[in-house]
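Take a look at the structure below.
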Amino acid sequence: MSTSEMSRPAGPAGPVGKPAEEPPADGGAQPPATLGGGSETIRPAHESTRRPIPRPVRRAFGPVGALLLWWLLGRTGVLSPDTLASPVAVFRKGGDLTTGGQLGSAIWASTQRVVEGFLIGAVAGTSLALLAGLFRLGEDLIDATVGMLRALPWVGLIPLFIVWFGIDEKPKIALVVIAVTFPLYFNIYAGIRGVDSQLVEAGTVLGLNRWGQIRHIVLPGALPSALVGLRYALGSAWLALVFAEQINATNGIGYLMNNAEQFFQTDVIVVCLVVYAVLGLVSDLIVRLATTYLLSWRASFDGA
């Protein structure tokens, strides 16, 4: 017997060649519980009994907190009504505009402009992206030109659009078209060119022709990127409308904002901004639902 073995304290015998483990001194870790079938269940030392806060409630913390802070600043006089109307005044003004029919008429006029401009821009952006993404000749002819035009500030095109189209509806819709075309083009083009080449080779081995590869491999592979571009395009459409409706508009949300600016009606301006935000949120929600439906075949990371 060695000297170390002689100095070891008496206790339960451990595995051969491994000293027996001593029980924890702080008592934090519980010993494994033995079930009837001989299996062991390890339980955490401190199991939480609190219920987690639902996600919708957690997501509402930020907007509700900002609203309360806004109301508090207005209530205490830190924020004067000339600078920014209080949430209560904005709510009342929104009710008045809705009852008088002004808000509904403005939303309808603005929505028509966005829908018309978005449809034209979606057709243009998708067509250009397909030509540039699927064909090398199309890439050579289109991609550099679109990249050059994309660098232009589209707000700076307003005077040129007025010269070309006048001051009626056409320059407003043209501005929305420009705002929609570029996000869709670049995202669809990147999605097509980002398809895994091994999948295309596998399709060739399986006997797919050119059209079969495009239909069954390239387009489904580019769909996630295209839907991201769709979200950007819808957001850009509403953003462009804010500028477009400053061009001699006689109706629309931008028209209401322009009039309110002249009379320092901050409550009307905030109502219009809230309407823009809600319309953009609804558009984004529609695209997200479409994304969930169209990409249901693809497993993705949903966050930790």
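Figure legend. Inter-residue proximity from segment 79-90: first residues part of a helix (DSSP H, G or I), second residues among the β-branched types (V, I, T) and surrounded by fewer than 16 Cβ atoms within 10 Å (Cβ to Cβ), beta-carbon distance below 9 Å, spacing 6+ or different chains. Indicated pairs: V90/V274.
Sort out which residues of segment 247-287 are β-branched (V, I, T), more than 24 Å from S86 (Cβ to Cβ) and either assigned to a helix (DSSP H, G or I) or in contact (Cβ under 8 Å) with a residue 60 or more places away in the chain (or both), and write them in order of number. I247, V282, I286, V287, listed by residue number. Considering L119, L141, L152, L103, the condition of being in a loop (DSSP other than H, G, I, E, B), closer than 26 Å to V176 by Cα and not acidic (D, E) is satisfied by L152 alone.
Return the residue satisfying two criteria in turn: it lies in segment 196-237 and is within 23 Å of the chain's Cα centre (by Cα) and more than 20 Å from T292 (Cα to Cα), and of such residues it is surrounded by the fewest Cβ atoms within 10 Å (Cβ to Cβ). Residue satisfying both the conditions and the ranking: S236. Among the residues of segment 242-300, those identified as of a type in the set (D, E, K, R) and under 22 Å from I173 (Cα atoms) are E245, D284. Within segment 61-72, residues that are under 15 Å from V270 (Cα atoms) reach partners that are surrounded by 11 or more Cβ atoms within 10 Å (Cβ to Cβ) with beta carbons closer than 8 Å, at six or more positions or on different chains, in the pairs L67/P87; W70/L79; W70/L84; W70/S86; W70/P87; W71/S86; W71/P87; W71/V88.
With respect to L157, is the statement that it is modelled with pLDDT under 90 and in contact with a Ser or Thr (Cβ under 7 Å, 6 or more places away or on another chain) true? Against the criterion (modelled with pLDDT under 90 and in contact with a Ser or Thr (Cβ under 7 Å, 6 or more places away or on another chain)), L157 does not qualify. For the subset of segment 260-304 comprising residues that are polar (S, T, N, Q) and exposed (fewer than 14 other Cβ atoms within 10 Å of the Cβ), which member is modelled with the lowest pLDDT? Top of the filtered list is S300. Select from segment 111-125 the residues that are open to solvent by 40 Å² or more (accessible area, probe 1.4 Å) and in contact with a helix residue (DSSP H, G or I) (Cβ under 6 Å, 6 or more places away or on another chain) and write down the one among them that is farthest from K172 (Cα to Cα). Top of the filtered list is I120.
The values are calculated or read from the model by the stated rules, or taken from the named source; none is laboratory data. In this text, all values refer to a predicted model and were calculated from it rather than measured experimentally. We place every Cβ from the backbone using ideal geometry, glycine too, and count neighbours over all the protein chains shown. Note: areas computed on protein heavy atoms with side chains; ligands, DNA, RNA excluded. Shrake-Rupley method; radii C 1.70, N 1.55, O 1.52, S 1.80 Å.
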